[in-house]
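A short reminder: the numbers here are calculations on the coordinates, not readings from a lab. Quick caveat: nothing in here was measured; it's all calculated off a predicted structure. For neighbour counting, all protein chains shown are included, and Cβ atoms are generated from backbone atoms with ideal geometry for every residue, glycine included.
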Amino acid sequence: MTRRAGTAKGITFHASRRKVAIVSKKMEMDDKGRHFLANTQVRYTPESPAKKRKVSCDSEEGVADAGPSEVQTAEPDIVMHEGSPKQPAATTGQVKNWVSRVLAEWTPRLHDLLTDLLSAEAHLNIPGTVFCGACISKAHRHDPFHWIDLWNGEFFEKVNMGMFGYILYLGHHGQPCPDLVDRLKPSKFVVMHNGIHKLAVHWCHCAGAPERILQMLHARLFPTTLDHPESAFTVVLLKEWHMHALTSKKGVYDYMYAIRHLTNNSAPHTVKNQYKEFNIVSQIWRYITMMKRSGNFHGMALPNRDPQSLTVPCFTCPWPGMNMPQDWRQTPAVYIHTCELSGDGNHGLQKKRKHDDLNDVSLGLGQGYFVHPDKMSEYMDSIEAEPAPETCSGFKVARAQRPGKFCNLDVSGVIAVICIRHGCFRPAAMVDLQKGERFGHMDFALAGALAGLEELQHIIFTYDVACIYKINILKCFGAHFPQLVPLLDRIQMLLPKMHMLAHKEACQVLYVLCYTWGTGLMHGESVEHPWAEHNQAGLSTCEMGAGHRHDALNDIHNYWNWRKVENVGAFLTRKVNEAFKGQEEKTQLYDALTEVAGVEKVSTWQWMDVDPKQKGKQVESVYLLNDGKVPTTGHAYQELTKMEIQPRDGQMDLAVGKAPSGAMQFLKTALQLEQRQLALESHLAKHKDGDNISISESASLEAERRGLRRDIDKWRHQQVTFMPKVELPDAEDVEDDEDDEMHGRPESEALALPSNFSGSEHQTFGLEILATFERRIRMGQAYNLLSAIKESLQHQGAFLSNKTKHARGQKDNTRAQRMIQSAAEHTRSLMRRYNHNRQRLIDLGMDDGDSPLRTINLKKDLTIKNVRVARSLGDSKEVRAWFWNVAPPGATAQDVAAWAVEVEQVEWFQASAEKARHNEEVNKLHKEFQ
């Protein structure tokens, strides 16, 4: 396939393959019982030949310090052992070449392998010893489902035991019933096991013999009908299908088709299709399995749990009367026993509008994860005219829920509430959606999730539109769930960390997790995790009837919860290791900032109210700078979004008034991708020789690389819409490249933004509007980066002061120096990103001479001195970097001094909050391990 090439200031569509690490690890335990990694090995593979299509910058000449240093990948392999000297290792090729090496060993022997396999099917000495039908029947008295090779005069034909007069006797362990009459003819029967077998069956005729259905079940055969059963499925087959359905989401139709192939692989169409029978039996099997595993059938009743529930609960979440001490209400830190919930909608689990059985209801109606349909129908009729949910800055739950998208659908998706901390679905907390997502759906899902939690003192609920959802929740719950109204005062409604970025700045302060008491390190996005796997089942469940669909999804959700319960030990171990590491780092940072700030300032700050205050449209918080006059990125996003909706004269260029809807979000995503590219490139440059890289760091880098590749390819599809005149790689090329093991080096791929083109090219390619947007956003980003650089330098100074004053001995000095080096590397990375962003502003038309935004010299401006400590000898001769004097435009000298104090205060409060969140996380995990 021929790929098109684009031209824009040296940009070509190609990139070399990436270098990847092969890692292996060994887990050990220290004297305190904590797990850690030992003897980690990391091998870097050499660079492979270049591959076309990737967009990359061939040259950055003339741009001093415009970005991180180029990653050199063509280095010899290095093997690194933590705690031992580094030793060179032999070159082993690409990271995935072990497949080709293994196959190369097998290839010469493939002919011999096939010969040996065929010899088992047709022995070389044939004709030889054969058996008659009677002998075969006698030998298989207890193995009725073996396939026999029968010589038909021309070849061996695959037949079942029924061809030899085999009779399956029920009720007497394979022996004939003593009361069997000789003249009674056996029944014809079809059994599905490793294929479809036709056998003759004799029932037990003893006095008091169980009915035929029970006789079949005792023989591990599950009948397809209750009256005059003529076919059955073995329990072995049902268990095997069930495991396939749960793990691979294989549909009933496909599985039954595979059974027909096992019966006659050359002519499966000649085998009777038992799909309809198996479809019914599979639903019954799911339900009775859930009854058995939930303890429902055995009469097990657990406190604060519906005794009829068939669900697998989260055993780690706070559960009054089950896993909490008797005196839990006297726990000073209430957040220790907090239940963390989150809600989200998913439009992958739909149901098509078909001529279904109107009486098809779930066998486990109201016993699983779905809210009882009868409870929902009346309420949904009352909210038919309810407007689509909408919140700040035009952020809508139903943004992509076009009416035409849900044509010919009875159910457009589901909405669910899960335990966000451990990722388990809550019982009776899932609702079917009709015509998109409404707050009414979430009301019922949340109400179901809160059942059994009435005794808890603190509950956290995250929702992507929590800022608007909480406004009317009291009214809705008062009308439909009055028993839960007292619980609402104990619920904190917050925004998930990723979804929060789509909201205006006020929401990002009022509903933020990282500055909220009791939240620990939760991110609120775990509710998204199960959908990727469960949507695989959506292709089959959308064709089911209403009842069968609910039973199937209940079963799949149970399996998901069970996997979470099964792996909770390893999950909590990993989390506690991460929490301990973060707690140590954040505590050191907080202690250092506290010491350099001084007792007087800290004493004043400790008495300040940390809760954010909303005054009109503005929000004040101790965690944020009062930067109303500074053109930050957040301000730019908010202003440009308004311009898309309603352009106003005098605020933007005339071209911006023609901005297409979504242009701001398109550029916002692009700049986020660019930042990820620069960060990844910096990390790879740091570890280009394989030095000082741990197993977790290597895995994290590779995961980021794969994620970046995927997100760039996804963004390219939008780029075609907003930049139609620019020749970009074909979408088909992107899909073809996914077959490549390495799939390029996404960190080196130029995104082809307006800043990559000259002013004349903006007109040629119709990029004037996007160029204006990008310049405004980058201007705000420049000031954001300068604030981050100053903050990072002050952290370095705090660490340096703490090391000088407190570090004693080799261990303490090594640890302190590591913190300083980490902070210095972070500062250099921020400076490179700033220079890169500044160069892009110049490319977009910013005057290099008149702008207050100057280039940062990484050698001269990277001063580690703490600017907040008392003056010392030589300070009068030291010249501070220019960016220390950059303050809000128009500020006086007095304003600059006040600004510096405010920066110092915000840094201390942010460090205090981060330390508190890590302490909360450690305490929560300690409770969960008990």
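When only Cα pairs under 8 Å and 6 or more residues apart are kept, what is the percent relative contact order across the range 130-294?
Relative contact order comes out at 16 percent.
Scan around Leu494 for amide H atoms under 5 Å from its own, H built in the peptide plane at 1.01 Å from N, and keep only partners 5 or more places away or cross-chain.
Close amide H contacts, sequence-distant or interchain: Phe461, Thr462, Tyr463.
Just going by the charge dipole of the range 479-586, with Lys and Arg at +1 and Asp and Glu at -1 on Cβ, which of Ala537, Val485, Gly547 is farthest out on the positive end?
Val485
So what are the ³J(HN,Hα) numbers for the range 465-474, from phi and the Karplus equation (6.51, -1.76, 1.60; θ = phi - 60°), rounded to whole Hz, Gly and Pro as x?
The phi angles translate into 10, 4, 4, 9, 5, 5, 5, 10, 5, 5 Hz.
For the range 447-509 and the range 528-573, what is the separation of their C-alpha centers, rounded to whole Å?
Cα centres, the range 447-509 to the range 528-573: 25 Å.
What number comes out for the charge environment of Ile213, summing +1 per Lys or Arg and -1 per Asp or Glu over other residues with Cβ under 15 Å away?
It works out to a net charge of -2.
In whole angstrom, note down how far apart the Cα centers of the range 320-334 and the range 232-292 are.
Centre-to-centre (Cα) distance: 47 Å.
How many lysine pairs does the range 130-294 hold where the Cα atoms are under 24 Å apart and the two sit 8 or more places apart or on different chains?
25
Per 0.36 nm of contour for each residue apart, how much would the distance between Lys617 and Glu528 grow if the chain were fully extended, relative to their Cα-Cα spacing?
Here the segment from Lys617 to Glu528 would lengthen by 28.9 nm.
Using amide H atoms built 1.01 Å from N in the peptide plane, name the residues 5+ places from Gly413, or on other chains, whose amide H lies under 5 Å from its own.
Correct list: Lys351, Leu433.
Which order, highest average first, do 151-160, 230-239 follow once you tally other Cβ atoms within 10 Å for each residue and take the mean per peptide?
Descending packing order for the listed peptides: 230-239, 151-160.
Per residue of the range 323-333, in order, report the coupling 6.51 cos²θ - 1.76 cosθ + 1.60 (Karplus, θ = phi - 60°) as ³J(HN,Hα) in whole Hz, putting x for Gly and Pro.
For the range 323-333, the Karplus curve yields 10, 10, x, 5, 9, 5, 5, 8, 5, x, 8 Hz.
Applying 1/(1 + (r/R0)^6) with R0 = 22 Å to the Cβ-Cβ distance of His244 and His269, what FRET efficiency is obtained, to the nearest 0.05?
0.45
Can you tell me the relative contact order of the range 328-573? Whole percent, Cα pairs under 8 Å, sequence separation 6 or more.
So the answer I get is 29 percent.
At 10 °C and 1.306 mPa s, what whole-number value in µm²/s does Stokes-Einstein give for the translational diffusion of the range 130-294, with Rh from the Kirkwood sum over Cα pairs?
It diffuses with D of about 92 µm²/s by this estimate.
Per q in 0.08 1/Å, what log10 I(q)/I(0) does a Debye calculation on the alpha-carbon atoms of the range 328-573 return?
Scattering profile of the range 328-573, log10 relative to I(0): -0.30.
Each residue of the range 212-225 in order: what ³J(HN,Hα) in whole Hz does its phi give by Karplus 6.51 cos²θ - 1.76 cosθ + 1.60, θ = phi - 60°, with x for Gly and Pro?
Once rounded to whole Hz, the list reads 4, 4, 5, 4, 5, 5, 5, 8, 6, 10, 9, x, 8, 9.
Taking the Cβ of Arg490 as the centre, find all other residues whose Cβ is under 12 Å away and add up their charges (Lys, Arg: +1; Asp, Glu: -1).
Neighbourhood net charge equals -3.
Take the cross-link list Lys504/Lys790; Lys668/Lys859; Lys470/Lys504 and give me the ones stretching past 27 Å between alpha-carbons.
Exceeds cut-off: Lys668/Lys859.
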